[in-house]
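Written below as structure tokens is the structure these notes are about.
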Amino acid sequence: MGEKLGISGHTKTIALIGSPVEHSMSPAMHNAAFDKLGLDYAYLVYDVQPDDLESVVKGMKAMGVAGYNVTMPLKTLILPYLDELSDAAKLMGAVNTVVMQDGKAIGHNTDGAGFMRNLKENGVDIIGKKMTIVGAGGAGSAIFTQAALDGVKEIDVFNIRDNFYDATEKRIGDLAAKTGCNITLHDLDDKDDLRASVAASQLFVNASRVGMPPMEDQCTLEEDMLHDGLAVADTVYNPRVTKLLAMAAEHGNKAVSGLGMLLWQAAIGENIWTGQEMPVGYIEEKFFAE
Ligand code: NAP
């Protein structure tokens, strides 16, 4: 256990902004990591509404915070107020991490990178191969964008044909042109198309809310779509073992929980702010041991 550092005039501040934020695990995870590493940082949480965002971004800069996390509903709204964006944040059109560098507010998105790092930690190598992903919302977009940037060869994205479908299709077309990844959008209602996609894939990802309450008894993959050599990953981390993951594990398929994505997106953010490696195993044990 690290010693709890006192807050002094030297303590650097990191914050989380969004609404609601009270439930967030980020303060507990980051403050414990700062203590463990002996870093003189403190992580605080502020409930911020969209109308106040511009003045909050200016205030953060004026107060000299080291950086901050951004959560819903501000992840896309913050873009015009930042000075620079990472390539991934630019392509995703969303920011979850801001670092202050030389007086500039620089936006990053670590959700997709956290997902990809967690795959690697679990021994799943999808680079140069094909994946199928259900869900093109915040988590899904971050994942398929980072996967395309990292060199996944082919990605089939399945979503409900909702009001955003055409805009998502255009965004995915732009991503294909920029990265060279063969990435396309598909209608989730077309089960034959989903079946054919999964049959040709080495990874299936659920990036929808299916699997979390009140949809904990549901699953975006039919049991008979599982095949040898298919790894299955969920973004849902509550419950930790979703119906999808339990089904995959029962059939002997590699099953990767959303908890690792949560931990690694935090670890990558912490590295951007402090240059240090977050003790991921320690944080997992401390807060998420079963
Ligand atoms: P979101 O932006 O609201 O996107 C949700 C996606 O799920 C949308 O594509 C939505 O389609 C789709 N969807 C909703 N109901 C569905 C259904 N019944 N069947 C199939 N698809 C459905 O939410 P999000 O922020 O991406 O979060 C998605 C999940 O990822 C949540 O469970 C969240 O907890 C998890 N997450 C995990 C992490 C992590 O670090 N592990 C990080 C972020 C999010 P429409 O566009 O038609 O609504």
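Values quoted throughout were computed directly from the atomic coordinates according to the rules given, and no laboratory measurement underlies them. Note that this is a predicted model, so its numbers are computed, not measured. Every residue, glycine as well, gets a Cβ built from its backbone with ideal geometry; the counts of neighbours run over all protein chains shown.
Computed values, structure above
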| item | result |
| --- | --- |
| Cα-based equivalent ellipsoid, segment 147-186: semi-axes from gyration tensor eigenvalues, Å | 19, 10, 6 |
| When each of LYS120/LYS153; LYS12/LYS61; LYS120/LYS191; LYS12/LYS90; LYS12/LYS75 is checked by Cα-Cα distance, pairs over 21 Å | LYS120/LYS191; LYS12/LYS90; LYS12/LYS75 |
| Cα gyration tensor shape for the chain, rounded if a/c is under 1.5, else prolate or oblate | prolate |
| Within segment 47-113, percent of DSSP bridges classed antiparallel, to nearest 5 | 80 percent |
| Within-15-Å neighbourhood charge of THR71 [Cβ basis; K, R +1; D, E -1] | -3 |
| Packing-based exposure ordering (other Cβ within 10 Å, fewest first) of ARG117, ARG161 | ARG161, ARG117 |
| Angle between the chain longest axis and helix 53-63 axis [Cα atoms, degrees, rounded to 10] | 40 degrees |
| Amide proton proximity set for VAL48, modelled H, under 5 Å, gap of 5+ | GLY18, SER19 |
| Within the chain, helix-based [θ] at 222 nm, where runs of 4 or more DSSP H residues each add -39,500 (n - 2.57), nearest 500 | -11500 deg cm²/dmol |
| Residue with peak Gaussian network fluctuation, the chain [Cα springs, cutoff 10 Å], from GLY38, GLY151, GLY260 | GLY38 |
| Residue-count net charge about TYR41 - beta-carbon cut-off 10 Å; Lys, Arg +1, Asp, Glu -1 | -2 |
| Rounded to 10°, Cα long-axis angle of helix 138-150 versus longest principal axis of the chain | 80 degrees |
| Neighbour-count order for TYR43, TYR68, fewest beta carbons within 10 angstrom listed first | TYR43, TYR68 |
| Highest-MSF residue in the chain out of ALA233, ALA255, ALA28 [GNM, Cα springs under 10 Å] | ALA28 |
| Stretch gain in nm, segment ASP162-MET72, where the contour uses 0.36 nm per residue and the Cα spacing is subtracted | 30.4 nm |
| Surface/4 of the Cα convex hull for segment 1-73, nm² | 5.0 nm² |
| Neighbour-limited loop hits for trypsin sites (Lys or Arg not before Pro), segment 1-85 (at most 10 other Cβ within 10 Å; DSSP other than H, G, I, E, B) | LYS4 |
